[in-house]
């Protein structure tokens, strides 16, 4: 697992290298949205962006969330 931190000590990017990440540090709203719409998929990478988050699932699907934790886009 590779973790990149900001200058303030907050995580910016956590990459599990295709291995499921623990979810304790991921906002609950993101976890809930993924459980509802992508049940059975694990988060293998999450990146904190300026205006939201980018999450990569074990299937390779990338999901964009805005700052209110709403899904705003997909990329595969």
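Quick look at the numbers
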item	result
Residues satisfying the stated conditions in the range 9-31, i.e. touching a strand residue (DSSP E or B) at 6+ places or on another chain (Cβ under 6 Å) and in contact (Cβ under 8 Å) with a residue 40 or more places away in the chain	18
Some residue of the range 37-59 being free of Cβ contacts under 8 Å to residues at least 60 places away in the same chain, part of a helix (DSSP H, G or I) and over 11 Å from the mean Cα position of the chain (by Cα)	yes
The range 60-76 - residue that is over 9 Å from the mean Cα position of the chain (by Cα) and closer than 21 Å to residue 5 by Cα and, of those, surrounded by the most Cβ atoms within 10 Å (Cβ to Cβ)	69
Count of the range 1-27 residues which are loosely packed, with under 15 Cβ neighbours inside 10 Å, within 11 Å of the chain's Cα centre (by Cα) and outside any loop (DSSP other than H, G, I, E, B)	1
Filtered residue count, the range 28-38, keeping only those that are farther than 15 Å from residue 74 by Cβ and surrounded by 14 or more Cβ atoms within 10 Å (Cβ to Cβ)	1
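Only the coordinates and a few stated rules stand behind these numbers; no lab work does. All figures in this text were calculated on a predicted structure; none of them were measured in a lab. All Cβ positions, even for glycine, are placed from backbone atoms using ideal geometry, and neighbour counts span all protein chains on display.
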